[in-house]
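Values quoted throughout were computed directly from the atomic coordinates according to the rules given, and no laboratory measurement underlies them. None of these values were measured; they are calculated from a predicted model. Here the Cβ positions follow ideal geometry from the backbone for every residue, glycine too, while neighbour counts run over all protein chains shown.
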Amino acid sequence: MMKIYIESRDEIRIIDMQEVCFLQASHNYTDFVFADGRTKSELVGISVLEGRIAEAARKAGIPNPFVRVGRSLLVNTSHIELVSIKLKLISFRGNPPITLSASKNMLMLLKRHLSESMQ
């Protein structure tokens with residue numbers, strides 16, 4: 001399991017990152033979007049989380065499935081079902097399926113990363 005810990009003054013939240021489809025930054029907050037459709041906002045910057053995720057993957061002994069595509073988006077490639085540059089969207093396996101609009105540049109970067117990782 002690949003877990004990260006988010007600590008606030010009053011609590012500590014444990015998040016299993018293998019359940020997360022993507023993270024999206026919004027000012028000082030980051031939204032976690034889970035495969036089951038849940039969304040959780042945390043008062044942590046996406047850059048901080050990117051480092052924690054990389055460390056959690058390293059500790060778990062697995063390749064990091066999260067890829068940064070743009071300033072505000074980290075996607076879990078293990079949940080991706082479709083990257084469509086034409087439709088400008090990413091589709092994730094989930095219940096219900098989750099779609100995310102993205103710019104053409106972001107999608108081209110993600111498509112290139114996925115193509116390289118398959119070789």
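Need the full-extension length gain, Lys59 to Arg38, defined as separation in residues times 0.36 nm minus the C-alpha distance. One decimal, nm. Don't skip to the end; give the middle numbers.
Working: separation 21, 0.36 × 21 = 7.56 nm, distance 2.60 nm.
Extra length available between Lys59 and Arg38 comes to 5.0 nm.
Using the Karplus curve 6.51 cos²θ - 1.76 cosθ + 1.60 with θ = phi - 60°, what ³J(HN,Hα) values do you get for each residue of region 13-21, in whole Hz, with x for Gly and Pro?
Using θ = phi - 60°, the values come out as 10, 10, 10, 7, 5, 6, 8, 8, 7 Hz.
With the cut-off at 1.5 for a/c, could you classify region 64-109 from its C-alpha gyration tensor as rounded, prolate or oblate?
oblate
Taking the 0 to 90 degree range and rounding to the nearest ten, how far is the long axis of helix 46-60 tilted relative to the main principal axis of the chain, both from C-alpha atoms?
Between the helix axis and the principal axis of the chain, the angle is about 90 degrees.
Quick one: 3J(HN,Hα) in Hz for region 2-7, Karplus 6.51/-1.76/1.60 with θ = phi - 60°, rounded, Gly and Pro as x.
With the stated coefficients, region 2-7 comes to 10, 10, 10, 10, 10, 10 Hz.
Arrange the peptides 62-68, 2-8 so that the one whose residues have, on average, the most other Cβ atoms within 10 Å appears first. List each step's numbers first, then the result.
On the way: 62-68: 16.7, 2-8: 14.9.
Descending packing order for the listed peptides: 62-68, 2-8.
What angle, in degrees between 0 and 90 and rounded to the nearest 10, separates the Cα long axis of helix 104-118 from the longest principal axis of the Cα atoms of the chain?
In the chain, helix 104-118 runs at an angle near 90 degrees to the longest axis.
Using a Förster distance of 35 Å, how high is the FRET efficiency between Asn105 and Lys3, based on the Cβ-Cβ distance and rounded to 0.05?
Calculated transfer efficiency: 0.65.
What is the packing order of peptides 91-97, 30-36, taking the mean over residues of other C-beta atoms within 10 Å and listing the highest first? Kindly include the intermediate steps, with their values, before the conclusion.
Numbers: 91-97: 14.1, 30-36: 18.6.
So the peptides 91-97, 30-36, ranked by packing, come out 30-36, 91-97.
Per-residue counts of other Cβ atoms within 10 Å, averaged by peptide: what ranking do you get for 73-85, 39-51, highest first?
73-85, 39-51
Mind checking which lysines have their Cα closer than 27 Å to the Cα of Lys86? Skip sequence neighbours fewer than 8 apart in that chain.
Lys104, Lys111
How high is the FRET efficiency from Ile14 to Ser117, r the C-beta distance, R0 25 Å, rounded to 0.05? Numbers along the way, then the final one.
On the way: r = 28 Å, r/R0 = 1.11.
It comes to 0.35.
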